[in-house]
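Visitor: Got a structure for you, questions after.
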Amino acid sequence: MATIQKRNNSYSIRVSCGYDTRGKQIIRSMTWKPEDGMTPKQIEKELKRQTVLFEESCMKGFQTKAIKFETFAEEWFNEYAKINLRNTTYERLLQLRGRIYPAIGHLRMDKITPRHIQAFVNSLSQEGANERTGKPLAPKTIRHNLSFISNIFTYAAKIGVVSDNPCSKVTIPKNEVKEKQIYTPEEVEKFLTLLNDEPLKYRTFFYLMIYSGFRRGEMLGLEWKDVDFENNVISVRRTSNYTAKKGVYTDTTKTKKSQRTLKFPQFIMDMLKEYKAEQDAEALRLGDRWVETDRLYVKWDGRPMQNGTPYFWLGEFCEKHDLPFYGLHSFRHLFCSLLVNQGVDIVTVSGAMGHSTVSTTSNIYCHTIQQAQAKVSEAITNALDFGKKNGTKVS
């Protein structure tokens with residue numbers, strides 16, 4: 001319901017549009033001034049028309065240009081993000097607010113220009129942007145910040161709050177791209193040798209990671225029904241994730257193509273059989289205290305393992321044996337690197353990695369692919385040189 005208040009020669013029209021996520025009433029207002037020469041009857045009639053039009057536009061979401069970025073972003077979280085985004089993505093975006101809101105949260109949506117956003121993005125690549133290390137933020141983190149802002153403006157443009165997305169004209173500064181750290185063949189051999197003295201739970205976990213390239217959430221989401229011992233294959237059908245609000249929970253895979261099946265060597269399947277027998281024996285020993293979840297990787301009582309557990313275990317293992325610690329995701333990089341260097345085609349590699357498109361694989365592992373291609377060229381050159389040295393005619 002609109003309220004109308006006369007102010008000198010104009011009229012203020014106010015419309016309530018409900019409440020924001022913090023319980024504060026959202027009020028939209030406009031000012032209408034009659035044209036000179038209008039009669040009181042004409043003014044009354046036009047004022048009613050303007051009020052109806054304004055109410056309709058507010059209900060449709062088109063008259064919110066005066067709304068500030070922070071206010072609109074909070075509405076976006078409630079109206080769109082909470083409903084449509086994965087929990088892990090939603091929680092990550094919530095964390096980005098602490099850096100973005102102080103920079104542009106106070107600005108009106110319709111007043112934010114590419115220059116405002118470019119200045120913010122540039123500041124993230126400056127020394128000291130990372131308060132923990134005193135260094136610039138990583139390019140990936142900068143992209144996440146820009147993507148968040150862009151998502152807000154894409155939604156705003158869709159419902160008519162702004163006419164376009166200013167983020168489309170913003171450029172991420174070029175920082176030095178660090179090469180992905182992966183273990184060398186010698187380090188992997190040492191790692192696996194030392195791993196043989198560790199509990200079966202972690203031995204199978206890291207053997208599977210190295211031979212599959214599965215993501216951490218995919219590994220922790222594996223259930224025994226996903227393991228086909230007869231055909232030596234394991235299928236990824238779900239993920240296990242964690243947020244501070246929900247704790248450990250089961251979710252769908254990152255994309256549909258992340259659901260995949262890979263074949264494993266017999267010795268790994270035998271190791272898994274041994275691990276299954278060990279887990280069954282422990283469940284029997286604990287009796288009613290054991291929580292049956294069918295998960296491969298669990299806590300002492302059968303409940304799903306915490307997402308951070310393998311990471312911290314690996315850190316302690318590497319420190320104990322004087323091995324470099326590159327994190328869990330390095331095994332995924334290792335898996336891809338080994339496939340590419342063995343001449344496996346990019347389409348097959350992409351499928352094994354569970355990427356949604358082949359371009360995702362080629363973009364992420366561009367350097368690895370280029371190195372493999374360089375080796376091909378080098379091999380041909382060596383072959384031709386060998387032929388020339390031996391008097392072979394090359395046509």
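Visitor: Tell me the angle of helix 87-100 to the major Cα principal axis of the chain, expressed in degrees between 0 and 90 and rounded to the nearest ten.
Guide: With rounding to tens, the tilt is 60 degrees.
Visitor: Cα centroids of region 71-136 and region 226-289: how far apart, whole angstrom?
Guide: 36 Å
Visitor: Near the amide H of residue 26, under 5 Å away, which other amide H atoms are found, from residues 5 or more places off or on another chain, if H is placed in the peptide plane?
Guide: 17, 18, 19, 20
Visitor: Okay, next question. If you put +1 on each Lys and Arg Cβ and -1 on each Asp and Glu Cβ, how big is the dipole of region 146-248 around its Cα centre, in Debye rounded to 20? Can you show the working numbers first?
Guide: On the way: 15 positive and 13 negative charges, 140 e Å.
For region 146-248, the charge dipole is close to 680 debye.
Visitor: Moving to a separate point now. Mind checking region 126-218 for trypsin sites (Lys or Arg not before Pro) that DSSP puts in a loop (not H, G, I, E or B) and that have at most 15 other Cβ atoms within 10 Å? Write out the running numbers ahead of the final one.
Guide: Working: sites: 132, 140, 143, 158, 169, 174, 178, 180, 190, 201, 203, 215, 216; in loops: 132, 174, 178, 180, 215.
Answer by residue number: 132, 174, 178.
Visitor: Over region 185-369, what per residue volume does the convex hull of the Cα atoms give, in whole Å³? Walk me through the intermediate numbers first.
Guide: Working: hull volume 24.9 nm³, N = 185.
Output value, Cα hull per residue: 134 Å³.
Visitor: Given an 8 Å cut-off on Cα distances and at least 6 residues of separation, report the relative contact order of region 223-333 as a percent.
Guide: Across region 223-333, relative contact order equals 20 percent.
Visitor: Measuring from the lowest to the highest alpha carbon on each principal axis, how far does the chain reach, largest first, in angstroms?
Guide: For the chain, the Cα extents along the three principal axes come out at 101, 75, 41 Å.
Visitor: By how many degrees, 0 to 90 and rounded to 10, does the Cα axis of helix 266-286 deviate from the longest principal axis of the chain?
Guide: Tilt relative to the chain: about 70 degrees.
Visitor: In whole percent, what relative contact order does region 2-60 give with Cα contacts below 8 Å and a gap of six or more residues?
Guide: 29 percent
Visitor: Straight-line reach only, C-alpha to C-alpha below 12 angstrom: list the aspartates and glutamates that residue 299 could link to, leaving out same-chain residues fewer than 8 apart.
Guide: Partners within reach: 282.
Visitor: Calculate how many DSSP beta bridges within the chain are antiparallel, expressed in % of all such bridges and rounded to the nearest 5.
Guide: If we restrict to bridges inside the chain, about 100 percent are antiparallel.
Visitor: Under 8 Å for C-alpha pairs, at least 6 residues apart: give me the relative contact order for region 114-260, rounded to a whole percent. Write down the numbers at each step before the final one.
Guide: Working: 133 pairs, mean separation 19.1, N = 147.
Computed over region 114-260, the figure is 13 percent.
Visitor: Among the lysines in region 45-159, how many pairs, 8 or more places apart or on different chains, have alpha carbons under 29 Å apart?
Guide: 23
Visitor: Tilt of helix 366-389 relative to the longest C-alpha principal axis of the chain, in degrees (0 to 90, nearest 10)?
Guide: Helix 366-389 sits roughly 40 degrees off the main axis of the chain.
Since every read-out is calculated from the coordinates, none of them should be taken as a lab result. Values in this document were obtained by computation on a predicted structure and should not be read as measured data. As a convention, Cβ positions derive from the backbone with ideal geometry for all residues, glycine included, and neighbour counts pool all protein chains shown.
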